[in-house]
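Below you'll find the structure, written out as structure tokens, and then a few comments.
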Amino acid sequence: MVQLKKKLSGELKMRSNSPLAVVVEMPEPDLHVLTSVGLRIPVHSKILASASPVLESIIERPKKRRSSERTIPMLGVPYNAVSVFIQFIYSSKCSEEQMEKYGIHLLALSHVYMVPQLKQRCTRGLAQRLKVENVVDVLQLARMCDAPDLYLKCMKMLSTNFKAVEETEGWKFLQNHDPYLELEILQFIEESESRKKRTRRLREEQCLYAQLSEAMDCLEHICSEGCTSVGPNDMDLSKHKGPCSKFSTCHGIQLLIKHFGTCTKRVNGGCVRCKRMWQLFRLHSSICDQPDECRVPLCRYN
């Protein structure tokens, strides 16, 4: 306790060897923070009040019983976590090792006593240290402490690793003691899967539209300019042409056109390939804005 007092006092002193150094001697602490183990941490009421509106309200609250010793209880968390919390109020510093050990407790303290700078620090620190083993515990805390960013990060990890999370003690405890949160998690996972399916369906539709668009351009290209061995009647077929470099679908559409021109089943509607060609012709005619000049067969009649 004496070491902590010296450390807190030292945080508010400027080094005497600095050119602008002015050593500020701290007054004696006028308040004690009572921890769960019964140890008391000496603090300065003005510093605590300036850092936390909740602590300010507690400090300025009139006491029913007059006593020479003023104390603020911070119970329910380890002594060392309270010590780090007080240290942060004095210095605005918290090491990675301290965050690793007491991040959960510090988030609770920063939320209860409304210290936003520490709360943000804890939220980021806990998000970086999320694991399958602790994600349920951190989720519950994020929910109670109104930490939406951390809550969402936990939910995403749960959704991605749900099979592994189901085997943890945290999930089993949650099922027995907090069915509402369990339902909330399951609903989030279901909505997440629905979003993924919608995204996949939209991506497939966009891919299909892109393929159809290319097919329409390719059909006009073949019927207007000619390509390889397929083209309009006035095309010189004796001149050899290599594979089309404009469209990846060109060769396939040429084969369809050749088949369409010689197939005997299409009259009765029994040929699947001919039906596909008819669909291309119909789709082209529905979007063509120059049917009188268009060289695609059947454009003005579909």
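The values are calculated or read from the model by the stated rules, or taken from the named source; none is laboratory data. As the structure is a prediction and not an experimental result, all values here were calculated from the model. Positions of Cβ are backbone-derived with ideal geometry, glycine not excepted, and every protein chain shown enters the neighbour counts. Protein only, heavy atoms only, side chains kept; ligands, DNA and RNA dropped before computing areas. Shrake-Rupley method; radii C 1.70, N 1.55, O 1.52, S 1.80 Å.
Summary of computed values
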{"quantity": "Residue that is modelled with the highest pLDDT [pool: residues in segment 240-282 that are charged (D, E, K, R) and more than 21 Å from residue 295 (Cα to Cα)]", "calculated": "273"}
{"quantity": "Residue 229 being of a type in the set (Gly, Ala, Ser) and under 30 Å from residue 285 (Cβ atoms)", "calculated": "yes"}
{"quantity": "Residue in segment 43-53 that is open to solvent by 20 Å² or more (accessible area, probe 1.4 Å), within 25 Å of the chain's Cα centre (by Cα) and of a type outside the set (S, T, N, Q) present", "calculated": "no"}
{"quantity": "Some residue of segment 106-120 being within 23 Å of the chain's Cα centre (by Cα), closer than 26 Å to residue 81 by Cα and without any contact (Cβ under 8 Å) to a residue 12 or more places away in the chain", "calculated": "yes"}
{"quantity": "Top-ranked residue of segment 172-189 - restricted to ones that are closer than 15 Å to residue 138 by Cα and hydrophobic (A, V, I, L, M, F, W, C), ranked as surrounded by the most Cβ atoms within 10 Å (Cβ to Cβ)", "calculated": "185"}
{"quantity": "Residues of segment 73-126 that turn out to be over 19 Å from residue 58 (Cβ atoms), touching a helix residue (DSSP H, G or I) at 6+ places or on another chain (Cβ under 6 Å) and small (Gly, Ala, Ser), as a count", "calculated": "3"}
{"quantity": "Residue pairs meeting the criteria (Cβ under 7 Å; at least 6 apart or on separate chains; first more than 12 Å from residue 220 (Cα to Cα), in segment 282-295; second acidic (Asp, Glu) and outside any helix (DSSP H, G or I))", "calculated": "none"}
{"quantity": "Restricting segment 113-171 to residues that are among the β-branched types (Val, Ile, Thr) and crowded, with 17+ Cβ neighbours inside 10 Å, the residue that is nearest to residue 72 (Cα to Cα)", "calculated": "115"}
{"quantity": "Qualifying positions in segment 190-225 - loosely packed, with under 15 Cβ neighbours inside 10 Å and of a type in the set (Val, Ile, Thr)", "calculated": "199"}
{"quantity": "When residues of segment 128-140 are limited to those that are in contact (Cβ under 8 Å) with a residue 24 or more places away in the chain and either in a helix (DSSP H, G or I) or within 16 Å of the chain's Cα centre (by Cα) (or both), the one farthest from residue 191 (Cα to Cα)", "calculated": "129"}
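This table checks each residue for (1) under 26 Å from the mean Cα position of the chain (by Cα); (2) without any contact (Cβ under 8 Å) to a residue 12 or more places away in the chain.
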position: 174; (1), (2): yes, no
position: 178; (1), (2): yes, no
position: 182; (1), (2): yes, yes
position: 186; (1), (2): yes, yes
position: 192; (1), (2): yes, no
position: 202; (1), (2): yes, yes
position: 205; (1), (2): yes, yes
position: 217; (1), (2): no, no
